[in-house]
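Report on one structure; see the data block that follows.
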Amino acid sequence: MNTPVFRFAPSPNGELHLGHAYSALLNAKLARQTGGRLLLRIEDIDLARCTPEFEAGIYRDLEWLGIEWERPVRRQSEHFGDYETALKRLIAEELVYPAFMSRGEIRASIADAEGRGRLWPRDPDGVPLYPAFDKALSRRERERRMAGAPFAWRLDMEAAKSRVGGALSWTEFSSEELAAAEQIDARPEQWGDVVVARKEIPTSYHLAVVIDDALQDISHVVRGRDLYAATGVQRLLQELLGLPAPRYFHHRLILGPDGRKLSKSLGDSGIAALRESGASAADVRGKVGL
């Protein structure tokens, strides 16, 4: 049996909070129990929001929690070439298209449709699906616009689903027993034509994460329940690119006092703030139920 490989993959765009602590500690616990490996990945493709200061804070917080990980750490911003190679393949196979509508144009289009009585579809997060009018543009018009206008590469969901053919699923395992698992139907069409890259950055979260998981031989992805439905998009990309599919466990979320998912803007749940207030690493493990 191959050695299990887990990963904790935060973005350095804010301070880690209790939800991150739970996910990191759970990954570390499962790696320990299975004799597996734990990798740390810095997901910093958002160059405008991710900073070296927040990245340094991630290392401090994880070390304070007693978590050990393998070196070197993979930083996504150093591997845009890997993602661009995958993007070029999707472009060559006509599975993506350049999308030019601004947020304002998207809102106006949807408002117009809903004003005429049409119920506009929304993704699992409640966000309206992209109108995708620019899929009908001619090649010449696309190239003209791409030369001067900002755009995003969006996955042509209909073409992508047709390419993979049959039903998609993923293996969802139990955190207590890796062998206990069930097959979950993947429904990427719920997300419409998702963004897979932008003109200035040749990737997005969905594309980068499937490439990274494959290149790092990740066998078990342990992450929050808020990413459960998004797994459908990632399974679709894995099939399109011929990548292996890890097993998944989407753990419970640590909620704030108001019952909402924790945010990096909530200072009272930040790991650094708890440490500075005199809390111990054991206190944090107790707060998250570990």
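The values are calculated or read from the model by the stated rules, or taken from the named source; none is laboratory data. Only a predicted model underlies this, so the values are computations on that prediction, with no experimental measurement involved. Here the Cβ positions follow ideal geometry from the backbone for every residue, glycine too, while neighbour counts run over all protein chains shown.
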Within the stretch 160-189, of all residues that are closer than 29 Å to LEU290 by Cβ and touching a Gly at 6+ places or on another chain (Cβ under 9 Å), the one surrounded by the most Cβ atoms within 10 Å (Cβ to Cβ) is TRP170
Output the number of the condition that ARG107 fails; it satisfies all remaining conditions of (1) part of a helix (DSSP H, G or I); (2) under 23 Å from the mean Cα position of the chain (by Cα); (3) among the charged types (D, E, K, R); (4) modelled with pLDDT under 95.
-> (2)
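Which residue, of ALA245, ALA272, ALA208, is modelled with pLDDT of 95 or more, small (Gly, Ala, Ser) and part of a helix (DSSP H, G or I)?
ALA208
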Checked pairs for the stretch 75-89, first farther than 12 Å from ARG41 by Cα, second part of a helix (DSSP H, G or I) and aliphatic (A, V, I, L, M), C-beta under 6 Å and 6 or more apart or across chains, list as ASP82/ILE211; TYR83/LEU207; TYR83/ALA208; TYR83/ILE211; ALA86/ILE211; ALA86/LEU241
Name the residue, out of SER77, SER11, that is within 17 Å of VAL222 (Cβ to Cβ), within 18 Å of the chain's Cα centre (by Cα) and either in a loop (DSSP other than H, G, I, E, B) or not acidic (Asp, Glu) (or both).
-> SER11
Go through the stretch 105-123 and count every residue that is farther than 21 Å from VAL233 by Cβ and touching a residue at least 24 places away in the same chain (Cβ under 8 Å).
-> 1
Sole residue being outside the structural domain of ARG139 (by TED's automatic domain parsing), assigned to a helix (DSSP H, G or I) and out of contact with any Gly (no Cβ under 9 Å at 6 or more places or on another chain), chosen from GLU63, GLU114 = GLU63
Residue check for VAL209: closer than 25 Å to ARG154 by Cα and β-branched (Val, Ile, Thr) | yes
Sole residue being exposed (fewer than 15 other Cβ atoms within 10 Å of the Cβ) and under 28 Å from GLU200 (Cα atoms), chosen from ALA92, ALA9 = ALA92
Taking the stretch 207-229 and keeping only residues that are surrounded by fewer than 20 Cβ atoms within 10 Å (Cβ to Cβ) and in contact with a helix residue (DSSP H, G or I) (Cβ under 7 Å, 6 or more places away or on another chain), one is left with LEU215, GLY224, ALA229
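Return the residues of the stretch 131-190 that are of a type in the set (Phe, Trp, Tyr) and part of a strand (DSSP E or B); say none if nothing qualifies.
Within the stretch 131-190, TRP153, TRP170, PHE173 qualify.
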All positions within the stretch 220-264 that are farther than 21 Å from GLY19 by Cβ, under 16 Å from the mean Cα position of the chain (by Cα) and of a type in the set (Gly, Ala, Ser) | GLY232, ALA245
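In the same structural domain as ILE91 (by TED's automatic domain parsing) and at negative phi, is that true of GLY224?
Taking the combined requirement at face value, the residue satisfies it.
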Within the stretch 100-119, is even one residue among the β-branched types (Val, Ile, Thr), surrounded by 16 or more Cβ atoms within 10 Å (Cβ to Cβ), closer than 30 Å to GLU43 by Cβ and touching a helix residue (DSSP H, G or I) at 6+ places or on another chain (Cβ under 8 Å)?
-> no
When the stretch 31-60 is checked residue by residue, the ones that are more than 20 Å from the chain's Cα centre (by Cα) and not in a strand (DSSP E or B) are ALA31, ARG32, GLN33, THR34, GLY35, GLY36, PRO52, GLU53, ALA56, GLY57, TYR59, ARG60
Test set (1) more than 21 Å from the chain's Cα centre (by Cα); (2) more than 30 Å from GLY14 (Cβ to Cβ) - MET101 fails condition number = (2)
Regarding ALA214, is this residue within 18 Å of THR3 (Cα to Cα) and part of a helix (DSSP H, G or I)?
-> yes
